[in-house]
Amino acid sequence: QVCRDDFLHALEHDIKPAFGASAEALEHFLARGIITWGPPVSGILEDGTLLTQQARVADAFGLVSVLIEGPPNSGKTALAAMLAKNSDFPFVKVCSPEDMVGFTETAKCLQIRKIFDDAYRSQLSCILVDNIERLLDYGSIGPRYSNLTLQALLVLLKKQPPKGKKLLVLCTSSRKQVLEEMEMLSAFTAVLHVPNLSQPEELITVLEQFDLFTKQDIHKIYNQISGHKVFIGIKKLLALIDMARQMDPKVRVIKFLTKMEEEGCLDLGTMIH
Ligand code: ATP
Ligand code: MG
């Protein structure tokens, strides 16, 4: 006999197809996986997991909102998607500026509002708001932004879901300072910082994940960069690795290091030998 509990259980655990497109959106962000290049990555995943668990059990407050911030290309969106995926919440929705290109301010606010309204209907939902400053049309030249969208988001970030419903909001941004000025930071339950790779050893850990460089190559790279400053986002590093794949293996190491220097991701201070 099917009773109400079975129905509710099914609603929560089995009914996914309607929101299948969101799961695909997450996969798209995670296509290249997550490489644990150092303690910051495991730290973010651990803290993030605790927060998602908090969202799941919290009885007094049904809302947990997390800002995942860090420099451009540091891997914010992928980490947010990973946390959303691991949360295993049945309703996951992505709210991304890419999906709202050409929207008027009002249309954008309505769309954001709709995503939250849909989420409130589900027992456990997770919303990934990607690239908040772009969503707010923030431009670094002559700071201007959409105040309407900002106000809408601020309200939604503070609004408790209906009684008994749980909502996890994961936001990403490269502009923590700007959000601070907009008085948005205080709306978050927690802020997780995603750093760039900054140690030569971290860079080597990533290179070792690919079969692109030989053991000797990696040794050579390590000797060159050891003791020098490295500062590169994982997304940029993966792009440079893709580029290196196209290079002649004989000059690959030198070209790769030169490229890193040119892009300002590595300071060797001298010419590369
Ligand atoms: P942007 O500033 O343009 O928004 P971003 O910081 O959001 O960039 P992502 O779009 O998340 O960066 O790109 C990170 C890429 O690196 C993804 O393709 C992801 O699969 C891959 N990746 C590998 N290891 C990691 C890691 N430890 N953390 C995050 N991303 C990783
Ligand atoms: Mg991003």
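Where a number appears in this text, it was derived from the coordinates with a stated rule and is not lab data. These numbers come from a predicted model, not from an experiment. Glycine gets a Cβ as well: all are built from the backbone with ideal geometry, and neighbour counts include every protein chain shown.
Of note:
- Shape index of the chain: Rg/Rh, with Rg the Cα radius of gyration and Rh the Kirkwood radius from the inverse mean 1/r over Cα pairs, equals 1.04.
- Most positive-pole-ward Cα, 91, 147, 66, against dipole of the chain from beta carbon charges: 147
- Cα gyration tensor shape for segment 56-140, rounded if a/c is under 1.5, else prolate or oblate: oblate
- Student exercise, the chain dipole from Lys, Arg, Asp, Glu Cβ charges, in Debye to nearest 20: 240 debye
- Inter-site label distance for residue 208 and residue 86 at 7 Å from Cα along Cβ, in nm: 2.1 nm
- The angle between the Cα long axis of helix 252-262 and the main principal axis of the chain comes to about 70°, on a 0 to 90 degree scale.
- Cleavage-rule hits, trypsin sites (Lys or Arg not before Pro), segment 224-273, DSSP coil, Cβ neighbours within 10 Å at most 13: 250
- Percent RCO, i.e. relative contact order, over segment 115-211, from Cα pairs under 8 Å lying at least 6 residues apart: 32 percent
- Where labels lie 7 Å past Cα in the beta-carbon direction, separation of residue 110 and residue 2 in nm: 3.6 nm
- The charge dipole of segment 119-176, taken about its Cα centre with unit charges on the Cβ of Lys, Arg, Asp and Glu (plus for the first two, minus for the last two), comes to roughly 320 debye.
- Net lengthening on full extension, residue 223/residue 61 (0.36 nm per residue, minus Cα-Cα): 53.1 nm
- For the chain, the residue among 129, 77, 216 whose Cα projects farthest onto the positive side of the dipole built from Cβ charges is 129.
- Secondary-structure-derived ellipticity at 222 nm for the chain, considering helices only, amounts to -14500 deg cm²/dmol, per-run term -39500 (n - 2.57) for DSSP H runs with n ≥ 4.
- Loop-located GluC sites (Glu not before Pro) in segment 212-273, at most 15 other Cβ atoms within 10 Å (DSSP): 263
- 0 to 90° range, to nearest 10: angle between helix 20-29 axis and the chain longest Cα axis: 20 degrees
- Relative to the longest principal axis of the Cα atoms of the chain, the long axis of helix 39-57 lies at roughly 10 degrees.
- Whether segment 187-273 is rounded, prolate or oblate, judged on the alpha carbon gyration tensor where a/c under 1.5 counts as rounded: prolate
- Two numbers describe the Cα atoms of segment 121-210: Rg and Dmax, which are 17.0, 49 Å.
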